[in-house]
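S.K.: Questions regarding the structure given below will be posed in turn.
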Amino acid sequence: MTNAEIEAFLTICEYGSISKAAEKLFISQSSLSTKIKTLEKKVGCALFVRSKGVRGIHLTDDGRKFLELAIKYQKI
């Protein structure tokens with residue numbers, strides 16, 4: 001996994017929205033979604049609950065565990 005993927009994950013968590021996070025990171029929403037899908041493949045689980053027509057995004061149980069690790073990684 002790359003620093004960019006972890007930064008993308010943390011930014012989505014901070015803003016609670018892929019579109020807001022993409023705006024903050026100055027990348028397209030589709031590029032950000034691709035980064036997250038790649039990260040999910042690398043860690044072997046879904047990190048976010050995605051629902052059509054629902055604004056905002058929520059972490060899965062695995063996503064909450066990964067968030068703790070990502071925050072520790074970022075501090076290093």
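The values are calculated or read from the model by the stated rules, or taken from the named source; none is laboratory data. Source: prediction; values computed, not measured. For neighbour counting, all protein chains shown are included, and Cβ atoms are generated from backbone atoms with ideal geometry for every residue, glycine included. Side chains are part of the model used for accessible areas, which takes the heavy atoms of the whole protein and leaves out ligands, DNA and RNA. Shrake-Rupley method; radii C 1.70, N 1.55, O 1.52, S 1.80 Å.
S.K.: Quick one: in the range 16-40, which of the residues that are under 12 Å from the mean Cα position of the chain (by Cα) and not in a helix (DSSP H, G or I) is nearest to His58 (Cα to Cα)?
M.R.: Gly16
S.K.: Take the residues in the range 56-76 that are among the aliphatic types (A, V, I, L, M) and surrounded by 14 or more Cβ atoms within 10 Å (Cβ to Cβ); name whichever of them is nearest to Met1 (Cα to Cα). Reasoning before the result, please.
M.R.: Pass one, the range 56-76, residues among the aliphatic types (A, V, I, L, M): 57, 59, 67, 69-71, 76.
Then keep just the ones that are surrounded by 14 or more Cβ atoms within 10 Å (Cβ to Cβ); that gives 57, 59, 67, 70.
Values: Ile57: 21, Leu59: 19, Leu67: 14, Ala70: 11 Å.
Among them, the one singled out is Ala70.
S.K.: Right, something else. Return the residue satisfying two criteria in turn: it lies in the range 23-76 and is of a type in the set (D, E, K, R) and in contact (Cβ under 8 Å) with a residue 24 or more places away in the chain, and of such residues it is farthest from Ala8 (Cα to Cα).
M.R.: Arg55
S.K.: Suppose we filter Thr2, Thr11 for residues that are open to solvent by less than 30 Å² (accessible area, probe 1.4 Å), closer than 18 Å to Gln74 by Cα and either modelled with pLDDT of 90 or more or more than 12 Å from the chain's Cα centre (by Cα) (or both); which single one remains? First the steps, then the outcome.
M.R.: Details: Thr2 fails: open to solvent by less than 30 Å² (accessible area, probe 1.4 Å).
After ruling out the rest, the residue left standing is Thr11.
S.K.: Restricting to the range 36-55, what's the tally of residues that are open to solvent by less than 70 Å² (accessible area, probe 1.4 Å) and charged (D, E, K, R)?
M.R.: Looking only at that region, the number is 1.
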